[in-house]
1. Assuming 0.36 nm per residue, please report the length gained on full extension of the stretch residue 326 to residue 108 beyond their Cα-Cα distance.
2. Rounded to the nearest 500 deg cm²/dmol, what is the calculated helix-only ellipticity per residue at 222 nm for the chain, with -39500 (n - 2.57) per DSSP H run of length n ≥ 4?
3. By Kyte-Doolittle mean hydropathy of at least 0.0 and Cα axial length of at least 30 Å, which whole DSSP H helices of the chain are selected?
4. Whole Å is fine, so just give me how far the alpha carbon centre of the range 371-409 lies from that of the range 244-258.
5. Under the definition of Cα pairs under 8 Å and six or more residues apart, what whole-number percent is the relative contact order of the chain?
6. Once the Cα gyration tensor of the range 191-419 is found, what semi-axes does its equivalent ellipsoid get, as square roots of 5 times the eigenvalues, in whole Å, sorted largest first?
7. What is the extension gain from residue 264 to residue 97, computed as 0.36 nm multiplied by their sequence separation minus the C-alpha to C-alpha distance, in nm to one decimal?
8. May I ask you to list the lysines whose Cα is less than 17 Å away from that of residue 427, ignoring any residue fewer than eight positions away on the same chain?
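Read-outs: derived from the displayed coordinates by stated rules, not from any lab. Bear in mind that the values here come from a model prediction, so they are computed numbers and not experimental data. Ideal geometry is used to build each Cβ from the backbone, glycine not excepted, and the neighbour counts take in all protein chains shown.
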Amino acid sequence: MTACGANKRKEGWLLFTGLTFICLFLPLTVMIYWALPARMRQRAFLIISILFLLITDIRSAAGMGVLTALTVTYGRMSGTLRKKRIQFLLWTALLTALYLLGFAFWSIYLYLELEQMQSFLRYCPFGAAFFVLQGLGYVADVYTGKISGTEGRLRTAEYLLFYPRLVMGPVQSFERHMLMQQEAVMCSENLGEGLGRFIRGLAKKALLADTIGLVFSSLYGNAQRDTSLVMAWVTLLAFVLQLYFTVAGYADMAKGIGLCFGFRLPDSYGYPIFSGSLAQFGERWNMSVVKWCRSCFTPMLRPERWQCVLGTVCVWAILGCWYRPCVQMLLWGIWMGFWIGLDQFVKTRFRKAPAAIEAVLFVLTTFSGWAVFSAPTLMDGLRSLTLLFGSSGSFIRESDLYFLQSGGLILLIAFYSATGHFAKMMKYAARRPVLSKGIGILALPVQAVLLILCLAVLATQNHAAVLL
């Protein structure tokens, strides 16, 4: 097997899309967890999480293990250290620096690994990125006295290493995690809902995101001077849809896995990319991470004060650097934060703009930001941005028809799915007794068909990776 094939298989394992994870690890661990008495389940889930990390990437597991041990020790010592303020501050600063250093090493490691694989995942924060946010949040809560830090080694370790959350979130505070543990319910309804949610997330990733990438990924960030106006917009739309269905698919899979074990994780995405409002986009994109960043600037984020614009810029600048620590992503965060904050401020002071004007402004500002986001370098991003406004002097070319014919249908399906209209229609139908019965009858065969299609696509991808 070539190095590329090995990397592809490792990537699949790490991100819930490996056949071994879907067909072996998940069902076996769920059955074992259900068979155990309640008093043993927290310890068992910690062991499952550690096993998952060790199998996927032993280097990341080792780093997370060391930071978890230091964080548990810090929490246990916090009662004594509070009496010695200087030492407490130094320990807090040291642990914070270690988390940031770990994030820096993780970013460099991913840059080298994923650039070598030409993986789309270089656009998506995952793994240690979420672990670091939760670790920093725990340290901050202990230092400020929001939590005592002496809740127990097992609880702290299980919180930091909770594996459904480690891949692509969501981020939770320690308090919210403990509340989730208390409200956990092991029942067939949650298991069925969890499996359905996992399959929907898997379908978003395997059937929508990967299919879009199969047609259009060679065009991402490779905008040439002669790229037509139509193709510039279509390529960027394909990128945004693939990004959204990748991250939203993993978020759904994480929530589904949590429900299989009785845990109800919060949502991460609320159909943001076609929300039609900058303020709505800011509230629906990567909700748990944005909320974590907003907690750092709470006094500045009242929408009726002009400081909310500056605070929102800071929040999204942090988010951009968290995606990829580089100038390009910092500028993307500043750009998005400025327009989101300005939209929130203007709506509290003046009358709301007509829906058509707001929609045009939303498309221009967000897609200008995505043009910079999608490119490998800042200069490529600026070139892509100029192409969106017709710098090539060409509206459409004959060579563009191949991509439109090959990927037009999947783009239309993905576009409609990303609007959220289908989800709203299903919720409306579920409230009608007659329609809800029909949905209940069709749900199982539809999910079975989706699972079979996803497994077929993943098996084909794995086979292709081995042959490379």
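1. Working: separation 218, 0.36 × 218 = 78.48 nm, distance 1.13 nm.
Gain in length upon complete extension: 77.3 nm.
2. On the way: 21 runs with 342 residues, N = 468.
Roughly -24500 deg cm²/dmol at 222 nm, from the helical runs in the chain.
3. Numbers: long enough: 58-81 (34 Å, 0.72); 85-117 (47 Å, 1.09); 229-260 (46 Å, 1.50); 327-349 (33 Å, 0.64); 433-467 (51 Å, 1.68).
The answer, listed by residue number, is 58-81, 85-117, 229-260, 327-349, 433-467.
4. 29
5. Working: 579 pairs, mean separation 89.0, N = 468.
The normalised contact order for the chain reaches 19 percent.
6. Working: eigenvalues 158, 133, 49 Å².
They are 28, 26, 16 Å, listed from largest to smallest.
7. Numbers: separation 167, 0.36 × 167 = 60.12 nm, distance 3.17 nm.
Gain in length upon complete extension: 56.9 nm.
8. Filter leaves 437.
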